[in-house]
Amino acid sequence: MRTPLSGLILAVCLLSGCLGVPSYYDIGVVHRTVTTRSPAAQLWFDRGLALTYGFNHEEAIRCFDRAIELDPYCAMAYWGKFYALGSELQRKGVALRTCGGSSATGLLRGGLWTF
């Protein structure tokens, strides 16, 4: 039987890292509700968003990727990933490697991405 207390204990465990999530991700409280059926995907999206706000784009991309793994239908996880990739593209071209090189290069040459 689930009680309100069991939900609270689960939330504390998720946030504190007792369920195998490193305390490395204890980076503050950032929350933006997204459409997902997976509480874990929501958690990883929030972490990615917090890391993006902190300009740690490479780690944010990893968090968004984890959210996508947990819920492939979470559109905002894809948005977050490509939002973070935009900064990396300008910085060192990570998006070209991530998106498959030739197709991304074609988009750049075709003028679809402007800076």
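The values are calculated or read from the model by the stated rules, or taken from the named source; none is laboratory data. For clarity, every value in this text was computed on a predicted model and none was experimentally measured. Backbone-built Cβ (ideal geometry, glycine too); neighbour counts: all protein chains shown.
Checking each residue in region 46-81 for being surrounded by 22 or more Cβ atoms within 10 Å (Cβ to Cβ) and β-branched (V, I, T) picks out only I61.
Of everything in region 33-74, what is of a type in the set (D, E, K, R) and not in a loop (DSSP other than H, G, I, E, B)? Give them in sequence order.
So the first thing to find is which residues in region 33-74 are of a type in the set (D, E, K, R), and the list is 37, 46-47, 58-59, 62, 65-66, 69, 71.
Matches in region 33-74: D46, R47, E58, E59, R62, D65, R66, E69.
Does F55 satisfy the condition of being modelled with pLDDT under 65 and of a type in the set (F, W, Y)? Judged against the criteria, F55 is not a match.
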